[in-house]
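What follows is a short report on a single structure.
Only the coordinates and a few stated rules stand behind these numbers; no lab work does. Here the structure is a predicted model, which is why all the values come from computation and not from measurement. Here the Cβ positions follow ideal geometry from the backbone for every residue, glycine too, while neighbour counts run over all protein chains shown.
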Amino acid sequence: MFVKAVDALNRLIGRAAMYLIFVMIGVLLYSSISKTFFFPSIWTLEVAQFLMVTYFLLGGAYSMQLDAHVRMDLLYGNWSPRRRAAVDAFTILLLVFYLCFLLYGGVSSTAYALEYDETSYSAWSPSMAPIKIIMTFGVAMMLLQTLATFFRDVAQARGKPIE
């Protein structure tokens, strides 16, 4: 139940996030045109960076779900599915540990941005709270997908795969 719910949620978020690349292209195209023919905009570079961070972090869990992350395949490809699942279940615990620290830092940084109305140091100086909220949410979704993948790997290693 947990695995299927997390998969469905991350599939929805990931598919929505993948279209942000087109928004980012539009912002960068506008930036190029305005710098060439008109007055340069001070907001375009930062908006493009925020969109890229959103695209990357909200799409990460979906990428993990599709098993599309980069992996060293020197030995891994020759192993049986059960052995791969057992090794993945072990190594994913390290990822959970890392993501827990990342989530703690994200929550702390987001709380700071909200409490002190943190802004960027650029000339445009946008509020940092929205992007930090998105970043923290992306890490949380990655953590949930990691746990779902862990449960799926444990079930696969035991010979009872979750379908």
- prompt: Across the Cα atoms of the chain, what radius of gyration and what greatest pairwise Cα-Cα distance (Dmax) are found, in Å?
  reply: 19.4, 64
field: Separation of alpha-carbon centers, the range 31-54 and the range 117-147, rounded to whole Å
entry: 19 Å
query: Within straight cross-link reach of LYS4, meaning Cα distance under 29 Å, which lysines are found once same-chain residues fewer than 8 apart are removed?
result: LYS132, LYS160
field: FRET efficiency for ALA111 and SER32, using Cβ-Cβ distance with R0 set to 35 Å, rounded to 0.05
entry: 0.40
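Quote the charge dipole size of the range 1-134 about the Cα centre in Debye, to the nearest 20; the model charges only the Cβ of Lys and Arg (+1) and of Asp and Glu (-1).
Numbers: 9 positive and 8 negative charges, 111 e Å.
Rounded to the nearest 20 debye, it is 540 debye.
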statement: Placing one equal point scatterer on each C-alpha of the range 5-64 and summing with Debye, one gets log10 I(q)/I(0) at q = 0.12, 0.19, 0.28 Å⁻¹ equal to -0.36, -0.67, -1.03
query: Efficiency by 1/(1 + (r/R0)^6): what FRET value for ASP73 and ARG158, r their Cβ-Cβ distance, R0 = 35 Å, to the nearest 0.05?
result: 0.90
